[in-house]
Amino acid sequence: MNSVEASGLTVKLNGFEVLRDVNLSLNHPSFTAIIGPNGAGKTTLLKTILGLLKPQSGSIRVMGLDPTKEPKKVRSMVGYVPQRDRVSFFVPMRAKDVIAMSRLVWKRPPRWATKRDEAAVKKVVSMVGIEEIADRRFDELSGGQQQKVLIARAIVSEPSMLLLDEPFNGVDVRSQSEIMSLLMSLREKGVSILMVTHDVSDVIHIIDNLVLLHRTVVAAGKPEDVLKEEILKRVYGDRIGVYSHEPCIMFVPRDSHG
Amino acid sequence: MVDPLSPFLVKAYVAILLMAGISISGSVSVLRGIAYMPAEAAHAALGGAALGILVSHVTNMTLDPYVVAAMFASVTTLFAGYVGRRGGPEAIAAALAGALTLGVSIYAFVRYILPANLRVVLDGYLVGDILILKDSEIAMLSILTIAYMIIFTLFYNEIVYVCFDPEGAEAMGMNVSLYDFMIFFLIGLAGSVATKAVGSLLVYALVIAPAITAKELSGSVRGMLVLTSAITLLAGYGGLAVSLLFDMPSGGSIAVVASLTYVGTMLGKRLFQKR
């Protein structure tokens, strides 16, 4: 079974075609990174996978299900880690309450936590290694700690697939390394991971697939097959350099952020 | 010396207790990033109350202006919520500014054409006076507060999640639009309830000052809500005492004590942090 299977997928936002004729097939389980310049449609693709956006044409299946027809089933199987800056810092939620959120949303109001929910939260807190911050306010944590809490929230309901939108933004090197170890262990346990990132060099040695997106899939496959200067130049322009130093391949899109 | 158990004071004590319950809407406004909304809702409620009084006067119908005020404020905030979901925070602000203008314009127009005895009733919604509440108004305040508390308790988690991370909540399968509209409705309802106690001009101070004070001092959302209610109680009873001792308007005294609580907290926090 494939974790994601998209065929001729076109998605419009406010009349603007953000994704056009996307064809993509990802094995399950697998670890995939999506790269592309700003406005390439990376987040839109994640939201379409979750069934939050409906395609204008084409089809998409996630873990064998159509997210436009069975969004609840898909969302129960897919954990989502949004960009950290989308989360409100007005709300003084404790880290463990943030994590419990993804279990309680599936209950009926008033959605009170049971002992089982509390045990599940405790288990994932220990797994992610955030025992010391579980009782602290989310808005008072560092970027790396917040990211770990959001990942813990996404995996507490034991999803088959994990979507992460720019998980390393504003995260220090040590936390990045800890998050990568966590993602690798999830991958080994059979969870498919799909990560949107701007900097692929950090994850290049742990991903199975790399997708270069620019409104459509420009290239997809093994990282070394995608990270080629002639392919990257089609998206990022001529001011791009690819540097290889085993086991790492780096590319510097000097004009991707203007 | 005023008898502390005189009927009008007992009614004021009850009204303040009910206000403390409903003051959590101030916290919800702060959590949702629309702290200005209860004040706008209160001004819309003023327009609603004016319409209620006018219709009762013209048609001789028994129409409680308080109910019309609550409906008017809730519909206004729901409309703002609808506009905001399509156009973002700026659209909410624009819609509420329009509602505020409409509410105040209706008030001014109705006040102009009402007889003098009804103008006094209408002005009660502008400046409020917790010391002249009638039994029927206390009953209505109780019904609205109890309804508010039931809805809030049942949907507490939804409200917090929508405020914290609407995108993540939607991705988890929650009907974010529905609960966001619920938040707007509850804020409108609370704004109109507070209007009766302190008047639409002072709702902002009573509803928001305790909430932002509580946020500065709380380690969790539940703590913030409890503290908001406690500070509202303190401001209510403290303001009432100031009003009686110095013969000042009750609404203004309550709002001043609520605002001073915030100022005092911020000053205390700064001093504490310097040490």
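Any read-out appearing in this document is the output of simple, stated calculations on the displayed coordinates, not a laboratory observation. Note that the structure is a prediction, hence the values are computed from the model and not measured. Cβ: placed from backbone, ideal geometry, glycine included. Neighbour counts: every protein chain shown.
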message: Tell me the net charge near B:Ile132. Cut-off is 13 Å between Cβ atoms, B:Ile132 excluded, with +1 for each Lys or Arg and -1 for each Asp or Glu.
response: -1
- request: Can you check what the Kirkwood hydrodynamic radius comes to for chain A, Cα pairs only, in Å to one decimal?
  value: 19.0 Å
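Stokes-Einstein diffusion coefficient for the range B:115-244 at 37 °C in a medium of 0.692 mPa s, Rh from the Kirkwood formula over Cα pairs: what value in µm²/s? Each step should come with its number before you reach the end.
Numbers: Rh = 16.5 Å.
Approximately 199 µm²/s, per Stokes-Einstein.
Kindly state, to the nearest 0.05, the FRET efficiency for B:Asn117 paired with B:Leu245, given R0 = 41 Å and r defined as their beta-carbon distance.
Values: r = 31 Å, r/R0 = 0.75.
Efficiency at R0 = 41 Å is approximately 0.85.
Of A:Lys42/A:Lys228; A:Lys69/A:Lys222; A:Lys122/A:Lys189; A:Lys72/A:Lys96; A:Lys54/A:Lys228; A:Lys73/B:Lys215, which ones are farther than 29 Å apart at the Cα? Don't skip to the answer; put the middle values down first.
Details: A:Lys42/A:Lys228 20 Å; A:Lys69/A:Lys222 31 Å; A:Lys122/A:Lys189 19 Å; A:Lys72/A:Lys96 24 Å; A:Lys54/A:Lys228 33 Å; A:Lys73/B:Lys215 37 Å.
Where the Cα-Cα span goes over 29 Å, the pairs concerned are A:Lys69/A:Lys222; A:Lys54/A:Lys228; A:Lys73/B:Lys215.
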field: Residue-by-residue Karplus 3J(HN,Hα) for the range A:138-148, coefficients 6.51, -1.76, 1.60, Hz, glycine and proline x
entry: 4, 6, 9, 8, 6, x, x, 5, 4, 4, 5
query: What list of ³J(HN,Hα) couplings, whole Hz, do you get for the range A:15-25 from phi and the Karplus terms 6.51, -1.76, 1.60, once you set θ to phi - 60° and write x for glycine and proline?
result: x, 9, 6, 8, 10, 9, 6, 7, 10, 8, 9
- request: Go through B:Leu217, B:Asn117, B:Met172 and say which Cα lies farthest out towards the positive end of the charge dipole of chain B; charges sit on Cβ, +1 for Lys and Arg, -1 for Asp and Glu.
  value: B:Leu217
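Could you state, as a whole-number percent, how many of the C-alpha pairs of the range B:155-216 are farther apart than 18 Å?
On the way: 921 of 1891 pairs.
Within the range B:155-216, distances greater than 18 Å cover 49 percent of Cα pairs.
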- request: Could you give me the percent of Cα pairs per 5 Å distance bin for the range A:117-258, shortest bin first, beginning at zero and ending with the bin that holds the maximum distance?
  value: 2, 9, 17, 20, 18, 13, 10, 7, 4, 1, 0
message: Among A:Ile99, A:Ala152, A:Val203, whose Cα projects farthest towards the positive end of the dipole of the range A:2-253, with charges put on the beta-carbon of Lys, Arg (+1) and Asp, Glu (-1)?
response: A:Ile99
message: How much of the pair distance distribution for the range A:6-113 lies past 21 Å, counting alpha-carbon pairs only, in percent?
response: 47 percent
task: Run through every distinct alpha carbon pair of the range B:7-200 and return the Kirkwood hydrodynamic radius in angstroms, one decimal place.
output: 16.9 Å
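Please arrange B:Phe8, A:Phe251 by counting, for each residue, the other beta carbons lying within 10 Å of its beta carbon, fewest first.
Values: B:Phe8 14, A:Phe251 23.
Final ranking by Cβ density, sparse to dense: B:Phe8, A:Phe251.
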query: In a solvent-free Debye calculation with one equal scatterer on each Cα, what is log10 I(q)/I(0) for the range A:19-72 at q = 0.18, 0.30 Å⁻¹, listed in the order of the q values?
result: -0.64, -1.44
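Looking only at other chains, what is the average number of their beta-carbon atoms within 10 angstrom of each beta-carbon in A:61-69?
On the way: counts 0, 0, 0, 0, 0, 0, 0, 0, 0.
Mean partner shielding for this stretch: 0.
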- request: At 7 Å along the Cα-to-beta-carbon direction for both A:Glu158 and B:Ser136, put a label point, then send me their distance in nm to one decimal.
  value: 6.0 nm
query: Considering only DSSP beta bridges whose two residues both sit in the range A:2-253, what percent are antiparallel, to the nearest 5?
result: 60 percent
query: Separation between the A:Met1 and A:Glu70 pseudo-spin-labels, each 7 Å from Cα along Cα→Cβ, expressed in nm?
result: 0.8 nm
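Sorted from fewest to most neighbouring beta carbons within 10 Å, what does the list A:Met184, A:Met101 look like? Let's see the in-between values first.
Values: A:Met184 15, A:Met101 23.
In increasing order of surrounding Cβ atoms, one gets A:Met184, A:Met101.
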task: Return the distance in nm (one decimal) between the two label points of a simple spin-label model at A:Leu13 and B:Val226, each offset 7 Å from Cα along Cα→Cβ.
output: 4.1 nm
message: Looking at the range A:92-199, I'd like the Rg to Rh ratio, where Rg is from alpha-carbon atoms and Rh is Kirkwood's inverse mean 1/r.
response: 0.96
field: Vicinal HN-Hα couplings computed from phi for the range B:102-111 (Karplus, 6.51 cos²θ - 1.76 cosθ + 1.60; Hz; Gly/Pro x)
entry: 4, x, 5, 5, 4, 4, 5, 5, 5, 4
task: Can you pull a Stokes-Einstein diffusion coefficient for the protein assembly as shown at 20 °C (1.002 mPa s), Rh from Kirkwood over Cα pairs, as a whole number of µm²/s?
output: 83 µm²/s
- prompt: Using modelled amide H (1.01 Å from N, peptide plane; none on Pro or chain starts), what sits under 5 Å from the amide H of A:Val4, excluding residues fewer than 5 places away?
  reply: A:Leu26, A:Met63
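Can you sort A:Thr114, A:Thr43 from fewest to most other Cβ atoms within 10 Å of each residue's own Cβ? Numbers along the way, then the final one.
On the way: A:Thr114 11, A:Thr43 20.
Lowest to highest Cβ neighbour count: A:Thr114, A:Thr43.
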